[in-house]
Amino acid sequence: MEKKNNTPAPTQQVAQKRNQWKEVWRRLRQNKMAMVGLAILIILALAAIFADVIAPNGFDNQVIKDRFQTPNSTHWFGTDNLGRGVFDRVIHGARVSLSIGIISVSIAIVFGGLLGALAGFYGGRVDNVIMRSMDILLAIPSILLAISIVSALGGGLFNVMLAVGISSIPGYARIVRASVITLKGQEFIEAARAIGANDSRIIMKHIIPNSLAPIIVQGTLGVAGAILSAAGLSFIGLGLSPPNPEWGAMLSGGRDYIRDHMHMTLFPGLMIMATIFALNLLGDGLRDALDPKLKN
């Protein structure tokens, strides 16, 4: 008798994956707090995309006679020490801060994920070299590592993204390594080997796609940490140079006037808080939605 081939056809596998993601989306929608976080992030993303329309005055339109105005009908968030609208700068700052968070985390996921996959898949000496290197980086607080990198490379948007991304690599490497160690002994990996797939194909086509769930959750929460790190760098003068409207730089610029003109720091601070809050809500919701043990 011929043995039946129980391996699903490619079209079946695609359909199964689509159904899995539909189920994840269904469970995510049931989490009201996660949907609140997603709604806030969508609003912030739209504000960043259409910043030129929402705040047409630009982020560096200085009108000295209008300086230090409190929030009013003309300037919703008031004006700063140079007469620039705080609302305009906050809206344009969303574009900068969200870009830093997303690109920094993308850098960390790409390099950390690749290193973690190699370490977990090959083990032995490769694992020891990669993970001991990651341990050295983990021994240094991420913000101090980012400060060191920016100090060496200089300020600027790209250098801030690079510094925050590099400082986040070890965490992603450890997460992916743990997932790969669990996956590499599974039957579908042995099946891929049996049909002649090489190591790179197994890693890129089978290992990494099946490790996406923890990476997605960590990446969502990591964007929040990256935004905070970038804000911290800008606050101490190592981030973006003026007049770039990064939220941390706005906090730093308004701290000298905080007693008499609190609005200069209040609104950038609220934007940072709202963004981090939304990302944490969405990250927690994704963690629950992607956890097969919590199916309902």
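Bear in mind these aren't lab numbers, they're just calculated from the coordinates by the rules spelled out. Worth saying up front: this structure is predicted, and the values here are computed from it rather than measured. Using ideal geometry, Cβ is built from the backbone for each residue, glycine included, and neighbour counts are taken over all protein chains shown.
Roughly speaking, what % of Cα-Cα pairs in segment 22-294 are separated by over 24 Å, rounded to a whole number?
Looking at segment 22-294, the distances longer than 24 Å represent 57 percent of pairs.
Scattering from the C-alpha atoms of segment 110-180 alone, worked out with Debye: what is log10 I(q)/I(0) at q = 0.15, 0.18, 0.27 1/Å?
-0.50, -0.66, -1.07
Using only Cα atoms, find the angle between the long axis of helix 86-122 and the longest principal axis of the chain, and express it within 0 to 90 degrees, rounded to the nearest 10.
Taking Cα atoms only, the helix is inclined about 20 degrees.
When the dipole is taken about the Cα centre of segment 22-294, and only Lys, Arg (+1) and Asp, Glu (-1) are charged at their Cβ, what size is it in debye, to the nearest 20?
Computed about the Cα centre, the dipole is about 540 debye.
So what is the calculated 222 nm ellipticity per residue for the chain, using -39500 (n - 2.57) for each DSSP H run with n of 4 or more, over all residues, to the nearest 500 deg cm²/dmol?
-23500 deg cm²/dmol
Can you give the angle from 0 to 90° between the axis of helix 212-235 and the longest principal axis of the chain, with both taken from C-alpha atoms, to the nearest 10?
30 degrees
In which sequence would Tyr172, Tyr122 go, from the one with the fewest C-beta neighbours within 10 Å to the one with the most?
Sorted ascending by nearby Cβ count, the order is Tyr122, Tyr172.
Mind ranking 199-211, 74-86 by how tightly packed they are, going by the mean number of other C-beta atoms within 10 angstrom, highest first?
The densest-packed peptide leads the list: 74-86, 199-211.
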